[in-house]
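Comments concern the structure below.
The values are calculated or read from the model by the stated rules, or taken from the named source; none is laboratory data. Since this is a predicted model, take the numbers as computed values, not measurements. Positions of Cβ are generated from backbone atoms using ideal geometry, with glycine treated the same way; all protein chains shown enter the neighbour counts. Surface areas here come from the heavy atoms of the whole protein model, side chains and all, with no ligands, DNA or RNA. Shrake-Rupley method; radii C 1.70, N 1.55, O 1.52, S 1.80 Å.
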Amino acid sequence: MDWRTKLLNPSLKARQDYRSLAVPVYRGSTVLFHDQAVVTDDWRQAEYGYSYGLYGTPTTLELAARLAELEGASETFIVPGGQAAIALIYFAYCQAGSHALVPHSAYGPNKAMAEGIMRGLNIEVEAYAPLIGAGIDGLIRENTSLIWCESPGSVTMEVQDVPAIVQAAHARGVAVALDNTYAAGVMFDAFAHGVDVSMQALTKYVGGHSDLLLGSVSARDKAAYERLGPIYQQLGLAVSPDDCSLALRGLQTLAVRLEVLERNTLEIANWLVDHPLVAQVLHPALPSCPGHDTWARDFSGSTSVFSFIFKDTIAAGQVVEFINQLKIFKIGMSWGGVHSLAVVYPDLQRPNQDFGGRIVRLNIGLEKVEDLTIDLAQAMAKIS
Ligand SMILES: Cc1ncc(COP(=O)(O)O)c(C=O)c1O
């Protein structure tokens, strides 16, 4: 063989009997088949074998399998981010003429998709009050095909009565999807509470270090799996095996990170409860959070993100000043990593609720709690 051909057809191979604790990063778009008869293009690789890199390499499928086991799912799909997971669920469960329900406390881009792409496709997505519980029955129509839950809600942190919503939905043959990102897929057992399809932004706790974007969609049963799979294929939701490798590493330390994050966050939340400038702390484990009793009934713990509202003696401009004065807390969106973050929502509106630019969301990281409270105290002092 010419050396050019040898470059692509080496005859020597390294030993293949290497064993290690790390999951190898398998890259690849093209999958090789043994003979023409077995050539296929099927997204169901776990059952029928590998066919194309778009549906994942062994690194992706390993992550999917570990998440499915952890969440008690039938199967899990890995997608490029939490928002891609949301899109996959919308497209799998809604079609032209469908009606869907989404809590008005849902993640902003979920609602933007409802009002944007979904509306353009003649899918009506109606917002509902997150604490509606069994009352959701009154909103279900003949053409309702999907009910979203997100618990606790984004920024305003309302804990939803998911089992009551599931009961009402299933009585009318409607599927329930849950954004289970807050609970990292583990602090709330989506499938034990009846949910049909559960997603999380792996970007947050599973990644855990603010350096990757990934999402997961977990199916309760084969029916949900078969419904999601073709849409997953048609949307071409390919992910990088390198990112999956980071997520697999993140999973190994998820338990210790969550334990410390929960403890640190509760300490900060309780510190804020006693602060004279604070009107309300929206942390699910505190009675001041809407739906706290439901959290106590259904969750096995809390995580690192929560909000608080300044008293109305503080003007919106002072809240911005408070954020700018923080030294250890960084100003940033997203959450679930090891750094503490703060951000104000100047225009956050909920039906019948105007926060006047006084609602602040914190993500607590792994810093020493005393340093964080000193940081908050000095910023509070500057505006009081
Ligand atoms: C509750 C929730 N769901 C979904 C997402 C979207 O995740 P991603 O940023 O990975 O698209 C986010 C991101 O902030 C989120 O907070």
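Taking all Cα pairs closer than 8 Å and separated by 6 or more residues, the relative contact order of the chain comes to 16 percent.
With respect to the chain, whose longest principal axis is taken over its alpha-carbon atoms, helix 82-93 is tilted by about 70°.
For Cys149, nonlocal amide neighbours, meaning residues 5 or more places apart or on other chains whose placed amide H falls under 5 Å from its own, are Ala177, Leu178, Asp179. Once the 1.4 Å probe is applied to the protein heavy atoms, the chain comes out at 46 Å² accessible per residue.
Taking label positions 7 Å along the Cα-Cβ direction at both Ala37 and Asp274, the computed distance is 7.6 nm, reported to one decimal. Using only Cα atoms, find the angle between the long axis of helix 316-325 and the longest principal axis of the chain, and express it within 0 to 90 degrees, rounded to the nearest 10. It is inclined by approximately 60 degrees. How much of the pair distance distribution for the chain lies past 40 Å, counting alpha-carbon pairs only, in percent? Counting every Cα pair in the chain, those more than 40 Å apart make up 21 percent.
Expressed as a whole percent, the accessible surface of the chain that belongs to carbon and sulfur atoms is 54, based on a 1.4 Å probe.
Ranking Phe188, Gln36, Leu146 by Cα position along the charge dipole of segment 36-252, where only Lys, Arg, Asp and Glu carry charges on their C-beta atoms, puts Leu146 farthest toward the positive end.
For the chain, give the share of DSSP beta bridges that are antiparallel, in percent and rounded to the nearest 5; count only bridges with both residues there. If we restrict to bridges inside the chain, about 60 percent are antiparallel. If you take the Cα centroid of segment 60-128 and the Cα centroid of segment 301-338, the two points sit 28 Å apart. Distance between the pseudo-spin-label points of Arg15 and Gln234 (7 Å out from Cα toward the beta carbon): 5.0 nm. Below 11 angstrom from the Cβ of Ser105, what's the summed charge of the other residues (Lys, Arg +1; Asp, Glu -1)? Its environment carries a net charge of -1.
Among the trypsin sites (Lys or Arg not before Pro) within segment 292-384, those in coil by DSSP and having at most 15 neighbouring Cβ atoms inside 10 Å are Lys311, Lys327, Lys368. One decimal place: the segment Ala315-Asp371 gains 17.6 nm when fully extended, by the rule 0.36 nm per residue minus the C-alpha distance.
The angle between the Cα long axis of helix 58-71 and the longest principal axis of the Cα atoms of the chain comes to about 50 degrees, rounded to the nearest 10. Rounded to the nearest 500, the 222 nm mean residue ellipticity of the chain from helices alone is -10000 deg cm²/dmol, with -39,500 (n - 2.57) taken per DSSP H run of at least 4 residues. Here the Kirkwood formula, the inverse mean of 1/r across different C-alpha pairs, assigns segment 292-384 a hydrodynamic radius of 14.3 Å.
Per residue, how big is the convex hull of segment 36-252 when only Cα atoms are used? Give it in Å³.
Per-residue hull volume (Cα only) is 115 Å³.
At what distance in angstrom do the alpha carbon centres of segment 268-296 and segment 217-234 lie from each other? So the separation of the two Cα centres works out to 37 Å. Ranked by the mean number of other Cβ atoms within 10 Å of their residues, highest first, the peptides 97-103, 345-351 fall in the order 97-103, 345-351. Highest-first packing order for the peptide set 152-162, 211-221 is 152-162, 211-221, based on the mean count of other beta carbon atoms within 10 Å.
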